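The structure appears below as structure tokens.
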Number of protein chains: 2
Amino acid sequence: MEVMQVLHMNKGDDENSYAKNSKVQSKIISLGKRINGEAIMQMLCTNIPDIMGIADLGCSSGPNSLSLISEIIDMIYAKCRDLGRPTPELKVFLNDLPCSDFNSIFGSLPAFYDELRKEKGSEFGPCFVSATPGSFYGRLFPSRSLHCVHSSSSLHWLSQVPPGLEISSARMTTTMNKGKIYISKSSSHGVLEAYSLQFQTDFSSFLKSRSKEIAAGGCMLLSLMGRRSTDPTTDDSCYHWELLAQALMSMVSEGLVEEEKVDSFNAPYYGPCVEEIKTEIEKEGSFIVSRLETFEIEWDGGVDDADTTFGAQSRGQRVAKTIRAVVESMLEFHFGKDIMDELFKRYGETVEDYLSKTGTKYTNLVISMVRKG
Amino acid sequence: MEVMQVLHMNKGDDENSYAKNSKVQSKIISLGKRINGEAIMQMLCTNIPDIMGIADLGCSSGPNSLSLISEIIDMIYAKCRDLGRPTPELKVFLNDLPCSDFNSIFGSLPAFYDELRKEKGSEFGPCFVSATPGSFYGRLFPSRSLHCVHSSSSLHWLSQVPPGLEISSARMTTTMNKGKIYISKSSSHGVLEAYSLQFQTDFSSFLKSRSKEIAAGGCMLLSLMGRRSTDPTTDDSCYHWELLAQALMSMVSEGLVEEEKVDSFNAPYYGPCVEEIKTEIEKEGSFIVSRLETFEIEWDGGVDDADTTFGAQSRGQRVAKTIRAVVESMLEFHFGKDIMDELFKRYGETVEDYLSKTGTKYTNLVISMVRKG
């Protein structure tokens, strides 16, 4: 599976779309607000360039795509007003993989510009929004052209399934993580090693690319799924995958899915711990970490006012929809379209049952850093 | 009709798509090749910046979207190799209205990048492609950020239907161009005046925006439909609209289309003459014209090896498809989807008949200019 050609949040705006099931990610964005605000203010105090480059990496589509950009723009506007100086010209770049639904983001741009003009007057900016499709594990932008880079709920996606999970010989291919689709308590040391190594390679490529693109003094604000413990098999970082594997295996036991299909699927995902993040940033050497904090977040985002557009739903069902909107493109590519409804029905039930017994939450890491001069 | 929200080339890649019916536009791009090459070479002789901004305005989707960019990149590559210097970093911006099919262009980007690497090696560039949706009659890019701006087969589209074509009073709205959908030999002076005025306003806004965005010494390469004569009613500039109006009126006579619908539709299009272009450029004052040439082009692009994927077709049918791929979004918005097949069937027959008797061709204007220092 070529992640770059397959991974995208569910398109459109129907019941299973990411646009209608991205409240967890929206909550995660709001958790990072304080840290982001602090970093941006600090940057603006040192230097406001005439043209300011802002990028959101892994912007996806739906209501979250432009909301974060709006917030950053609000901060710049407020700070410049305080300082009694005109706002810089803003060039905003939205990035995601080429198979994402950019048409849908572009459809909401005219309203975004109207709102900007209405709220801030025609003297503001101007602000120019572009989209730059591609993998953020490589270069995306010209050298020193950015001043503020943001990425939320994206960097836990690896560039590829760790290659060490399959051992190919002339005669056969042996899969190493049978019956599982991500790191599990029963996974071998080789599996943990393969995942950790792929994360190191990817995150290091990410930092190297950004270090070329961000101007001295510019800030980078990252937020991704991770874990508190150095042990990668703790529930907070992998039990949502464990339950999805269980749902798949229950379908295997009824002959609805081939066992080899499950054995050969592994998620291109990794939830790192704080130490892994720190090590890579130090190794790369171009950034100084200002903040690195962890937050807990409920599997359904802790949203009380659940949207009932599509009928009342159990917590398990809501979680299943959130996960489906994110991982369906990959599962469908590997297992086929036909089993998706049944799989996520079972997954919802499994999650409902699990959450009734435990208080497991996701751990989200938020990091702000500054590009050295 | 809000042009910005309606006008787009036909999406997808079926029989009526722009992707499958854009050979005329491809021919037009190739006609401008010599003039474009000369202008780019001239610019590269004066100055090669470290980061070079290139924009294609009205890029549409389909095979033409990236072919022009490829050509410009080839020229830069060749020139830098001649000079024995590394190529600049290239930031490429594709622009069109927000309702265009950008997803389809983005789908072909990975192959575009692969080709670039294969042909020119990993030392080339790097080259970063972004899309910037919006109307080119306003600002799209930061100040002095571009070095080469190109636009082909787009600037003949106006930002709106000339407002002077409808006279509204408290009691009624009077339409001025009854039975026609563009300038016609029988159009009143008021109609010609309204169209010409809208072109002046739009082209002047275009020049004003670009003069801010293009760095001193940068070049602008424009190609658009127009006419040789100062008389706007000559066949080369408006008879393809005349025949479309005839096809519509034949449907009116059979009760298939309401007459008022035709009376109230006018194309947001204008084919200017050389003098009108020159006047606006001189009035704006930031650009020096290097070349301004006119070319004749057959209504079917003079393509001998007609694509027979969808069966052998008469010349009239081929022309009808070319026009349909471009104007259907607007006609459908105004007249409804249902009449499209019948309308373009009749249009194809009318065009076939007309072309068998005359040698009318389109006139295409190609202009290259340099931003003053």
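Kirkwood radius, the stretch B:214-297, all distinct C-alpha pairs, inverse of mean reciprocal distance: 15.8 Å.
Chains A and B: buried accessible surface, both sides, probe 1.4 Å, rounded to 100 Å²?
Summing both chains' loss of accessible area gives about 2000 Å².
Interface residues of the stretch A:139-154, defined as those with an accessible-area decrease of at least 30 Å² between the chain by itself and the complete set of protein chains (probe 1.4 Å), are A:Arg139, A:Pro142, A:Ser143. Rolling a 1.4 angstrom probe over the protein assembly as shown with all protein chains present gives an accessible area of which 50% lies on carbon and sulfur atoms.
Rg over Rh for the protein assembly as shown works out to 1.00, both radii taken from alpha-carbon positions and Rh defined as the Kirkwood radius. Label zone (A:Ser143, point 7 Å along Cα-to-C-beta; backbone nitrogen cut-off 15 Å) within the stretch B:42-63: B:48-53. Translational diffusion coefficient of the stretch A:246-369 (Stokes-Einstein, Kirkwood radius from Cα pairs, 37 °C, 0.692 mPa s): 192 µm²/s. For the stretch B:236-296, the list of trypsin sites (Lys or Arg not before Pro) that fall in a loop by DSSP and count at most 14 other C-beta atoms within 10 angstrom is empty. The charge dipole of the stretch A:220-276, taken about its Cα centre with unit charges on the Cβ atoms of Lys, Arg (+1), Asp and Glu (-1) only, comes to about 260 debye. Cross-link partners of A:Lys345 among lysines, defined as those whose alpha carbon lies under 17 angstrom from its own and excluding same-chain residues fewer than eight positions apart: A:Lys321, A:Lys337.
Order the peptides B:219-231, A:28-40 from the highest to the lowest mean number of other Cβ atoms within 10 Å of their residues.
Listed from highest to lowest mean packing, they are B:219-231, A:28-40.
Between B:Gly348, B:Gly336, B:Gly134, the Gaussian network model of chain B with springs among Cα atoms under 10 angstrom shows the greatest mean-square fluctuation at B:Gly336. Pairwise Cα separations in the stretch B:43-92 fall into 10 Å bins from 0 onward with the following percentages, short to long: 23, 52, 21, 4. If you plug the beta carbon distance of B:Leu292 and A:Val6 into 1/(1 + (r/R0)^6) with R0 = 51 Å, you get a FRET efficiency near 0.55.
In the stretch B:196-284, Cα pairs under 8 Å separated by at least six residues give a relative contact order of 47 percent.
Using the heavy atoms of the protein chains alone and a 1.4 angstrom probe, what is the accessible area of the protein assembly as shown per residue in square angstrom?
40
Each label point was placed 7 Å from the Cα along the Cα-to-Cβ direction; for A:Ala78 and B:Ser108 their separation is 4.5 nm.
A loss of 50 Å² or more of accessible area (1.4 Å probe, protein heavy atoms, ligands and nucleic acids excluded) relative to the isolated chain is seen in these residues of the stretch B:114-135: B:Phe128, B:Pro133. Normalised by residue count, chain A yields a Cα convex hull volume of 140 Å³ per residue. Between the C-alpha center of the stretch A:4-75 and that of the stretch B:136-180 there is a gap of 34 Å. Under a 5 Å amide H cut-off, with hydrogens placed 1.01 Å from N, A:Ser130 pairs with A:Val92, A:Phe93, A:Leu94 among residues at least 5 apart or on other chains.
The values are calculated or read from the model by the stated rules, or taken from the named source; none is laboratory data. These numbers were taken from a predicted model, which means no experiment stands behind them. Cβ: placed from backbone, ideal geometry, glycine included. Neighbour counts: every protein chain shown. Each accessible area value is taken on the protein alone, full model and side chains, heavy atoms only, with ligands, DNA and RNA left out. Shrake-Rupley method; radii C 1.70, N 1.55, O 1.52, S 1.80 Å.
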